[in-house]
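S.K.: My questions will all concern the structure given below.
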Amino acid sequence: MLLRFSAQNFSSLRDEQELSMVALDEHPDLAVFDVPQSKLKVLPAVGIFGPNGSGKSAVIKAIAFATSAVIESQQFWLPEESIPRRPFRLDDVSRARPSRFVFEFVTGGVRHEYGFSLDDSRVHEEWLYTWPRGRQATLFERDGDAVEFGSSLGGQKAVIAESMRENCLFLSTAATLNHPRLRAVAAWFGTWSQVRHDPFPPSKPFDDEVLSLLRYADIGIVGMAMVERDESELGLSARSRRSMERIRRSDGRGGAPDGLAGPRPELVHRAENDSGGEPLPWSWESSGTQTWAHLALRASSCLSSGTIMVVDDLGVDLHPSLTAQLLGLFQTPQTNPHGAQLIFCGHDVSLLGKQVEHRLRRDQVCLTEKGRTGATKVYPLTEYGRVRDGVDDVEGRYLQGRYGAVPFFDQDLLPEFAENAARHEG
């Protein structure tokens, strides 16, 4: 479970900004979990809202970069290449400063804090603290190439430090070299599920849990089947077919490219025929069906394993009621018994209102704004202490700009637009 994440000097996050999953209110009806050896409680979901270009996706991308750094820096960040970070580039000072990331989380029933800072060429700082009995203990602290270890950390730590490169993380090196305790901590970063917006065709049939979510969505799906089709049935454009022909000629086999040959799983739709269903090619499915199938697959996996699902721009192609149902899978104790969490950004403000079955509470809402410098500010809705859950019209007040984080439209620019349009027409 994630408690808090902060990032500094990444994308539009010039100054340190924090995303908190710590519950500030009592939620007896939500899947809220206790933090061991602590009075803290962890929320099952948090949503980030704000106008386009305000930095919502910057928070999601900062999470993606920081988690991938733990998993990949030892094996995939080459010594002669720059570290693939994204510093704030709208002033001359920030681009030369290090970027900094901090996670506070629970894994193995123990609370941890892990963080690091780096620039384009090297890691400057790195640390890992733990609270095994409610008191902070240091596992390691890194300053440049020097690493100091706490008394509770055993294993071949000196050998790992000698193997560590200046442009990779010590935790990543320790996991690669199979340090038992640090490998277990690093493995937590590999459990995050980052959802992309290019729903790919399924490579194998969905399990019963995913199929039940597809049927639950009332989109006409009754099952799944393995079907073999030729290209003429797939609805491919002429351009796509020419591309496939080029692949065939280039591989010298004349057959279908890998991944296209043989039977493929297809969703079976309710139909008035002898079998009661008809499979359709994935390319024929609506974007909403593809998106829901993709989200259902990821959500089912996260809910069963108690891991974290991150979605950039949740609600795209989905009916608001269906988006609320996805949120409900994480909010409801019966469907989320293992501490899974959902972190998302989007524009579906109906999740703030009282009209949907599952909604976000005030301590589950973060807002983003950009100032004149282009830097993003991330702030919780709880900054507005007068917000009353279930009483105030949070959705309406947000759209009215009462909490900020809404676009400002300069009406003075419309005459200029009309003048340019008229000139172009003339």
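S.K.: At 0.36 nm per residue, and after removing the present C-alpha to C-alpha distance, how many nm does the segment from residue 321 to residue 373 gain when stretched out fully?
M.R.: Details: separation 52, 0.36 × 52 = 18.72 nm, distance 3.71 nm.
Working it through step by step, the gained length comes to 15.0 nm.
S.K.: If the cut-off is a Cα-Cα distance under 25 Å, which lysines reach residue 370, setting aside same-chain residues fewer than 8 apart in sequence?
M.R.: In chain and number order, the partners are 56, 61.
S.K.: Is the C-alpha gyration tensor of the stretch 19-131 telling us rounded, prolate or oblate? Criteria: a/c under 1.5 is rounded; beyond that, a/b larger than b/c is prolate, otherwise oblate.
M.R.: Here the stretch 19-131 falls in the oblate category.
S.K.: Give the peptides 345-352, 142-149, 366-373 in descending order of average Cβ contacts within 10 Å, highest first.
M.R.: Descending mean neighbour count gives 345-352, 366-373, 142-149.
S.K.: Sticking with this one: At most 15 other Cβ atoms within 10 Å and a DSSP loop assignment: could you name the GluC sites (Glu not before Pro) in the stretch 270-360 that fit? Display every interim value, and only then the final one.
M.R.: Numbers: sites: 272, 285, 357; in loops: 272, 285, 357.
The qualifying sites are 272, 357.
S.K.: Let me ask something else about it. Per residue, how large is the accessible surface of the chain? Use a 1.4 angstrom probe and give square angstrom.
M.R.: 50
S.K.: I would also like to ask the following. So if each residue of separation counts as 0.36 nm, and I subtract the Cα-Cα distance between residue 18 and residue 284, what length gain in nm does that give?
M.R.: Using 0.36 nm per residue and subtracting the Cα-Cα distance, I get 91.6 nm.
S.K.: Further question: Be a star and scan the stretch 183-201 for residues whose amide nitrogen sits under 19 Å from the point 7 Å along the Cα-to-Cβ vector of residue 75.
M.R.: The answer is 183-194, whose backbone nitrogens lie closer than 19 Å to the label point.
S.K.: Could I ask something else about it? Restrict the search to the stretch 258-359; then list the trypsin sites (Lys or Arg not before Pro) that DSSP places in a loop and that have at most 15 other Cβ atoms within 10 Å of their Cβ.
M.R.: Filter output for the stretch 258-359: 354.
S.K.: Measure off 7 Å from each Cα along the Cα-to-Cβ vector at residue 4 and residue 82, then give the distance between these two points in nanometres to one decimal.
M.R.: Using points 7 Å along Cα→Cβ, the separation is 3.2 nm.
S.K.: Can I ask one more? Which order do peptides 74-82, 124-132 fall in by mean Cβ count within 10 Å, highest first?
M.R.: Per-residue mean Cβ counts within 10 Å order the peptides as 124-132, 74-82.
S.K.: So between residue 338 and residue 386, what do we pick up on full extension, going 0.36 nm a residue minus the alpha carbon distance?
M.R.: Result: 14.0 nm gained on full extension.
S.K.: Also: Give me the percent of the accessible area of the chain that comes from carbon and sulfur atoms, probe 1.4 Å, all protein chains in place.
M.R.: On the chain, the fraction of accessible area on carbon and sulfur atoms equals 49 percent.
S.K.: Only loop residues by DSSP count here, and only those with at most 14 other Cβ atoms within 10 Å; note down the trypsin sites (Lys or Arg not before Pro) in the stretch 172-222 that meet that.
M.R.: 196
S.K.: If you plug each phi of the stretch 216-227 into the Karplus form 6.51 cos²θ - 1.76 cosθ + 1.60 with θ = phi - 60°, what whole-Hz ³J(HN,Hα) values come out, in order, with x for Gly and Pro?
M.R.: 4, 6, 6, 10, x, 8, 10, x, 8, 8, 8, 10
S.K.: At a Cα cut-off below 14 Å, give the aspartates and glutamates reachable from residue 39, other chains included and same-chain residues fewer than 8 away excluded.
M.R.: Answer for residue 39, where 14 Å is the Cα cut-off: 25, 26, listed by chain and number.
S.K.: Counting alpha carbon pairs within less than 8 Å and at least 6 residues apart, what relative contact order, in whole percent, applies to the stretch 53-152?
M.R.: So the answer I get is 15 percent.
S.K.: Relative contact order (percent) for the chain, with alpha-carbon contacts under 8 angstrom and 6 or more residues of separation?
M.R.: On the way: 777 pairs, mean separation 84.3, N = 426.
Worked out over the chain, it gives 20 percent.
S.K.: Let me ask another. Considering the chain as a Gaussian network with a 10 Å cut-off on Cα pairs, which listed residue, 92, 274, 119, attains the greatest mean-square fluctuation?
M.R.: 274
The values are calculated or read from the model by the stated rules, or taken from the named source; none is laboratory data. Every value quoted in this text rests on a predicted model; they were computed, and no experiment measured them. Please note: Cβ atoms are built from the backbone with ideal geometry, for glycine as well, and neighbour counts cover all protein chains shown. The accessibility values were calculated without ligands, DNA or RNA, using every heavy atom of the protein model including side chains. Shrake-Rupley method; radii C 1.70, N 1.55, O 1.52, S 1.80 Å.
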